[in-house]
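For reference, the structure is listed below as structure tokens.
The values are calculated or read from the model by the stated rules, or taken from the named source; none is laboratory data. All of these numbers come straight from a predicted model, not from anything done at the bench. Backbone-built Cβ (ideal geometry, glycine too); neighbour counts: all protein chains shown. All accessible areas refer to the heavy atoms of the entire protein, side chains included, with ligands and DNA or RNA removed. Shrake-Rupley method; radii C 1.70, N 1.55, O 1.52, S 1.80 Å.
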Amino acid sequence: MEAAMSEQSLSTPVVIATPNTRKVFVKTYGCQMNVYDSERMTDALSKDGYQATDVLEEADLVLLNTCHIREKAAEKVYSELGRLRDMKKARAKDGREMVIGVTGCVAQAEGKEILRRAPAVDLVIGPQTYHRLPDALRRAKGGERVVETDYALEDKFEHLPAPEKAKTRARGVTAFLTVQEGCDKFCTFCVVPYTRGSEVSRPVSQIVAEAERLVDGGVREITLLGQNVNAWHGIGPDGTEWGLGDLLYRLAEIEGLARLRYTTSHPRDMDDRLVEAHRDLPALMPYLHLPVQSGSDRILKAMNRRHTAAEYIALIERIRAIQPELAISGDFIVGFPGETDQDFEDTMRLIETVGYAQAFSFKYSIRPGTPGAEMDGHVDEAVKSERLERLQALLFRQQREFARTCIGKEIDLLLEKPGRMPGQLVGRSPWLQPVNVDAKTSEIGDIIRVRITDAGPNSLFAEAIR
Ligand code: 5AD
Ligand code: SF4
């Protein structure tokens, strides 16, 4: 150990000792809202002298930012905590400290229970209280096992640091911006209203300021996030009530901001202004993630979705009439309690009717505390698996068909990162597919004109055109 250290200092020209620099490793599970939160937590900790690392072995603080949406997601956290416990023990033998924290929706849902099941955990913090992280960490270091899951009265966004320019630059040319959090819809399968709480919309001025900062830091594409993003509302500078559509028109005015996206939307909150934004704003990408979950009216009712399959299809038709380029993406659950073969066939039929460019699909997972868990008619796992397989085959076929229709199209491509081959760069199409292009004279952050030449199973290929 000693020899290795002196060798290193001999070969390093200038070594400035920074004994106070500690490192934090954040592992993010689940949705994009967690990705956003992980970045804000890292920013908050950097004020306390923590540097982010992606090397677990060198971390003094490990945070698991968790997801509770399905049972599997939650269970993954406990197996990871088992591995971390062994690592912490080994460290302690060397006299080195390792603080372990659980954040996110598992923290919110299970709170103290985590301390019982995973004795190596030092702190548990729910998603509404991240601004208290530095303080919680000080207490944990003092030997306390901290649980912070009370919904804070303060607004988390007011207390969390805004993205820093230097960090934004390092994070790339696309960014997430959470505008809304929580959900009041209470779909009967879903834990979100319990873990993320009721709907909160961030004020217009705060969102615009954050977007401007991101653009100032080199960001060219922003994805607005919310569990129910199109339920976002706020008072605009003109004193009137704004919806997400109005917000998008305002953000589209920011110079240098080339692209806007938003996710996830609920069919009941797609108002006219938002639909019109898809017609009027060139910066708003023609892609809409609009989960329907099921194509059976009986199941939609049991899920408390509060719309029918026909209403959903009519909505899609209305939006496509205004913006024919729009690609639709969705979420599906198979095997919700009471789902019959006929209900499942109704879902398959809806998928055929809509035609999805992309979709996410899941087997129903019982979430304790949700109304679905108490319902009769739980579906056999084997039946769920069989239905999921058929559904995914259809969705995958549609995804490939959609990709094939892209061949020959000319599009603007925002270059995001290096590709696998030398000289190759990767961006995303307006419809969110990764696109590989040989672009030796271009740089990350450039928007170049390309022609799609080929479609692989999960990405497109393109050539740059003048
Ligand atoms: N079981 C399976 N899938 C679920 N989702 C939410 N809750 C459950 C559950 N209990 C899916 C929905 C939602 C997506 C984020 O996760 O499809 O849209
Ligand atoms: Fe969950 Fe439904 Fe709210 Fe989406 S709309 S977060 S599925 S309760």
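Quick one: which helices (runs of 4 or more DSSP H) lie wholly within segment 121-218 and hold at least 3 residues that are under 22 Å from the mean Cα position of the chain (by Cα) and within 16 Å of ligand 1 (Cβ to nearest atom)? Can you show your working first?
Values: elements: 133-141, 156-159, 165-171, 192-195, 204-216.
Qualifying helices (runs of 4 or more DSSP H): 192-195.
Considering only segment 256-269, how many residues are closer than 19 Å to Y312 by Cβ and more than 13 Å from ligand 2 (Cβ to nearest atom)? So that I can check it myself, show each step before the final result.
Looking only at segment 256-269, we keep the residues that are closer than 19 Å to Y312 by Cβ, and these are 262-269.
Narrowing the set further to residues that are more than 13 Å from ligand 2 (Cβ to nearest atom) leaves 262.
The number of residues fulfilling the criteria is 1.
Residues of segment 392-420 being of a type in the set (A, V, I, L, M, F, W, C) and either under 30 Å from A170 (Cβ atoms) or open to solvent by less than 20 Å² (accessible area, probe 1.4 Å) (or both), which ones?
If we filter segment 392-420 for residues that are of a type in the set (A, V, I, L, M, F, W, C), which is where we start, we get 393-396, 402-403, 406-407, 411, 413-415.
Scanning segment 392-420 gives L394, L395, A403, C406, I411, L413, L414, L415.
Criterion first (in contact with a His (Cβ under 6 Å, 6 or more places away or on another chain) and among the hydroxyl-bearing types (S, T, Y)) does T174 satisfy it?
On the way: in contact with a His (Cβ under 6 Å, 6 or more places away or on another chain): no; among the hydroxyl-bearing types (S, T, Y): yes.
No: the conditions fail for T174.
Return only the number of the condition from (1) at pLDDT 95 or above; (2) open to solvent by 10 Å² or more (accessible area, probe 1.4 Å) that N65 does not satisfy.
Answer for N65: the failing condition is (2).
Take the residues of segment 359-375 that are assigned to a strand (DSSP E or B) and either near ligand 1 (Cβ under 8 Å from one of its atoms) or over 22 Å from the mean Cα position of the chain (by Cα) (or both): which is surrounded by the most Cβ atoms within 10 Å (Cβ to Cβ)? Quick ask: steps written out before the conclusion?
So the first thing to find is which residues in segment 359-375 are assigned to a strand (DSSP E or B), and the list is 359-363.
Remaining after also requiring either near ligand 1 (Cβ under 8 Å from one of its atoms) or over 22 Å from the mean Cα position of the chain (by Cα) (or both): 360-363.
Numbers: F360: 13, S361: 20, F362: 18, K363: 18.
Of everything passing the filter in segment 359-375, S361 is surrounded by the most Cβ atoms within 10 Å (Cβ to Cβ).
Of the residues T174, T149, T168, T188, only one is of a type outside the set (D, E), within 16 Å of ligand 2 (Cβ to nearest atom), on the phi < 0 side of the Ramachandran plot and open to solvent by less than 60 Å² (accessible area, probe 1.4 Å); which? Quick ask: steps written out before the conclusion?
Details: T174 fails: within 16 Å of ligand 2 (Cβ to nearest atom); T149 fails: within 16 Å of ligand 2 (Cβ to nearest atom); T168 fails: within 16 Å of ligand 2 (Cβ to nearest atom).
Within the list T174, T149, T168, T188, the selection yields T188.
Would you please name the residue that is farthest from ligand 2 (Cβ to nearest atom), looking only at residues in segment 314-358 that are aromatic (F, W, Y) and outside any strand (DSSP E or B)?
To start, the set of residues in segment 314-358 that are aromatic (F, W, Y) comprises 332, 336, 344, 356.
Checking which are outside any strand (DSSP E or B) leaves us with 336, 344, 356.
Details: F336: 12, F344: 19, Y356: 17 Å.
For segment 314-358, the residue satisfying everything is F344.
Conditions tested, residue by residue: (1) among the aliphatic types (A, V, I, L, M); (2) in contact (Cβ under 8 Å) with a residue 24 or more places away in the chain; (3) touching an Asp or Glu at 6+ places or on another chain (Cβ under 9 Å).
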residue	(1), (2), (3)
G234	no, yes, yes
D238	no, no, no
L244	yes, yes, yes
L247	yes, yes, no
L251	yes, yes, no
E255	no, yes, no
R259	no, yes, yes
T264	no, yes, yes
M285	yes, yes, yes
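Identify, by number, the condition in (1) away from ligand 2 (no atom under 16 Å from the Cβ); (2) at pLDDT below 95 that P368 doesn't meet.
For P368, the failing item is (1).
Hey, can you tell me all the residues within segment 344-379 that are of a type in the set (D, E, K, R), more than 22 Å from T308 (Cβ to Cβ) and touching a residue at least 24 places away in the same chain (Cβ under 8 Å)? Break it down stepwise before answering.
Initial filter on segment 344-379 (of a type in the set (D, E, K, R)): 345-346, 349, 352, 363, 367, 374, 376.
Then keep just the ones that are more than 22 Å from T308 (Cβ to Cβ); that gives 363, 367, 374, 376.
Once the filter is applied, which keeps residues that are of a type in the set (D, E, K, R), more than 22 Å from T308 (Cβ to Cβ) and touching a residue at least 24 places away in the same chain (Cβ under 8 Å), segment 344-379 yields K363, R367, D376.
Return the residue satisfying two criteria in turn: it lies in segment 421-445 and is at pLDDT below 95 and closer than 14 Å to I465 by Cβ, and of such residues it is most open to solvent (accessible area, probe 1.4 Å).
T441
Could you list, ordered by first residue, the pairs with Cβ atoms under 9 Å in which the first is in segment 134-151 and among the charged types (D, E, K, R) and the second is surrounded by 19 or more Cβ atoms within 10 Å (Cβ to Cβ) and in a loop (DSSP other than H, G, I, E, B), at least 6 apart or interchain?
Sorted first by the residue in segment 134-151, then by its partner, the pairs are K141/D122; E144/D122; R145/V121; R145/D122; E148/G126; D150/G126.
What number of residues within segment 275-290 satisfy the criterion of being within 16 Å of ligand 2 (Cβ to nearest atom) and touching a helix residue (DSSP H, G or I) at 6+ places or on another chain (Cβ under 8 Å)?
From segment 275-290, those within 16 Å of ligand 2 (Cβ to nearest atom) are 288-290; that's our starting set.
Next, only the ones that are touching a helix residue (DSSP H, G or I) at 6+ places or on another chain (Cβ under 8 Å) stay: 288, 290.
Number of matching residues: 2.
Looking at (1) within 16 Å of ligand 1 (Cβ to nearest atom); (2) under 28 Å from L315 (Cα atoms), find the lone condition where T340 falls short.
The failed condition is (1).
Hey, could you check segment 262-304 for residues that are of a type in the set (D, E) and outside any loop (DSSP other than H, G, I, E, B) and say which is nearest to ligand 1 (Cβ to nearest atom)? Spell out the reasoning first.
First pass over segment 262-304, keeping only residues of a type in the set (D, E): 269, 271-272, 276, 280, 297.
Then keep just the ones that are outside any loop (DSSP other than H, G, I, E, B); that gives 269, 272, 276, 280, 297.
Numbers: D269: 14, D272: 24, E276: 25, D280: 28, D297: 18 Å.
For segment 262-304, the residue satisfying everything is D269.
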